[in-house]
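A.B. asks: Before I ask anything, here is the structure I am working with.
Please treat every number below as a calculation from the coordinates, not as lab data. Not measured: the values here are computed from a predicted model.
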C-alpha cells in the first residue's frame, strides 16, 4: 500500500500505539528463560529474519515493540478489548520497511475492529527499540 493510498480522505486513523523496549533487557530475559521468551513470542518468519539481520537483539526488540504498539492501537477497538499480541507478525517489505502481516489470526482481529490495515514504524536509539503503530479504518459516509 503506497502512502497516498492509506492517506486517502476516506481512510482515517482509528487507533494509535507506541512502545519502547530496552534491547539489553530483552536479550537478558531470553537468556533467563533459556530461549523460551523468543520461542513463545515471535513467529518462525520473525525468528529467521532476526537470525539474518545485522543485530538479532535490536531486530527482536523492535518487533516486540511493534507487537505492544499494535496491541495498544487495536485492542480498544475490538469488542473483547483484548487479543493475544503474539499473533502480530512484522516482516521486512521489499524496500526494507517493517510491515505487519494483516492476514490469519490478526486479520480476524482487524475485521472485528473494522480496521483495514496497520501501519508501523520502528527505530533503534541509545539501546532502545521504539515502535509506533496506527490502525487505519475506512471512513463511512453517513
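A.B. asks: Measure nothing fancy, just the Cα-based angle from helix 23-32's long axis to the longest principal axis of the chain, in degrees from 0 to 90, nearest 10.
C.D. replies: Its long axis makes an angle of about 60 degrees.
A.B. asks: At 0.36 nm per residue, minus the direct Cα-Cα distance, what do residue 24 and residue 44 gain on full extension? Give it in nm, one decimal, please.
C.D. replies: 5.0 nm
A.B. asks: At q = 0.09, 0.17, 0.20 Å⁻¹, what base-10 log of I(q)/I(0) does the Debye formula yield for segment 13-137 when every alpha carbon is treated as an equal point scatterer in vacuo?
C.D. replies: Each listed q corresponds, in turn, to -0.23, -0.81, -1.10.
A.B. asks: Using only Cα atoms and rounding to the nearest 10 degrees, what angle (0 to 90) does helix 56-74 make with the longest principal axis of the chain?
C.D. replies: With both axes taken from Cα atoms, the answer is about 30 degrees.
A.B. asks: For the chain, take the longest principal axis of its alpha carbons; what is the angle in degrees between that and the long axis of helix 104-113, to the nearest 10 within 0 to 90?
C.D. replies: 40 degrees
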